[in-house]
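See below for the structure under consideration.
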Amino acid sequence: MDKDEDAQLSLAKDAARGDASPGDAPPGTTPGDPSPPEQFPVGSIEGYEPAPAGPADPEATAGPALGPRAEAFIGGAAYGALGLLGALLGVVGSFLQDWTIGSVPVAAVLLVILNFGFIRLAGWAMGGRMGAVIPTLTWTAVVFMASQQRSEGDLVIPGSLAGYVFLIGGLVAAVIAISMVPSPRQPGDWLLGGPGRTRG
């Protein structure tokens, strides 16, 4: 009888073990897998992925726009700087224009080219002809003052070939540079970082 009872007890244990199926395992685990089931935050849906964030609004990320007073101040400062540079170019040119190689007024020719390039660049940078006119006016005023005879009888710009090339050639180059400036565009766009507006 003891052997029969042992055999029945062994069969009962085997049957109890067979009743446990893999489907009884906790969700997200397999039998014998010690890892805990995957947990999701409260209120989340399994398999849900948040949508990627859209591109940032350029207006929201852009810096604060400058007011009309700030724009006027920056534009006025730029025009003033161009006027000073035009006067400086006239002063330097007046004292250097008489350098020649033989009878060729090399310095005067180079100064005329420099004057044309500077005035053309000033007009392009300011987006209008006013940017080219202002340094032309200051350059012309300085040069004509330097060409006037002083009380001592000296002339900074003498009536020589170099002097005439510098004086007349520089003025003609400035007028040509002004006429080549496209217009109009908002003055000082390159300083304010705004998009330029040009006519086709």
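Count of the stretch 125-144 residues, restricted to those that are part of a helix (DSSP H, G or I) and at pLDDT below 90, is 2.
When 163, 159 are screened for being out of contact with any strand residue (DSSP E or B) (no Cβ under 9 Å at 6 or more places or on another chain), open to solvent by 50 Å² or more (accessible area, probe 1.4 Å), at negative phi and small (Gly, Ala, Ser), only 159 passes. Can you find even one residue in the stretch 46-59 that is surrounded by fewer than 20 Cβ atoms within 10 Å (Cβ to Cβ), in a helix (DSSP H, G or I) and modelled with pLDDT under 85? Among the residues of the stretch 46-59, at least one is surrounded by fewer than 20 Cβ atoms within 10 Å (Cβ to Cβ), in a helix (DSSP H, G or I) and modelled with pLDDT under 85, which makes the answer yes. For the stretch 94-146, which positions are open to solvent by 40 Å² or more (accessible area, probe 1.4 Å) and touching a residue at least 60 places away in the same chain (Cβ under 8 Å)? Passing the criteria: 95, 98, 99, 100, 109, 113, 116, 120.
Within the stretch 67-86, the set of residues being aliphatic (A, V, I, L, M) and surrounded by fewer than 19 Cβ atoms within 10 Å (Cβ to Cβ) comprises 70, 72, 74, 77, 81, 84, 85.
The values are calculated or read from the model by the stated rules, or taken from the named source; none is laboratory data. All values reported here derive from a predicted model rather than from experimental measurement. A quick note on method: Cβ atoms are made from the backbone with ideal geometry, for glycine too, and the neighbour counts reach across all protein chains shown. All accessible areas refer to the heavy atoms of the entire protein, side chains included, with ligands and DNA or RNA removed. Shrake-Rupley method; radii C 1.70, N 1.55, O 1.52, S 1.80 Å.
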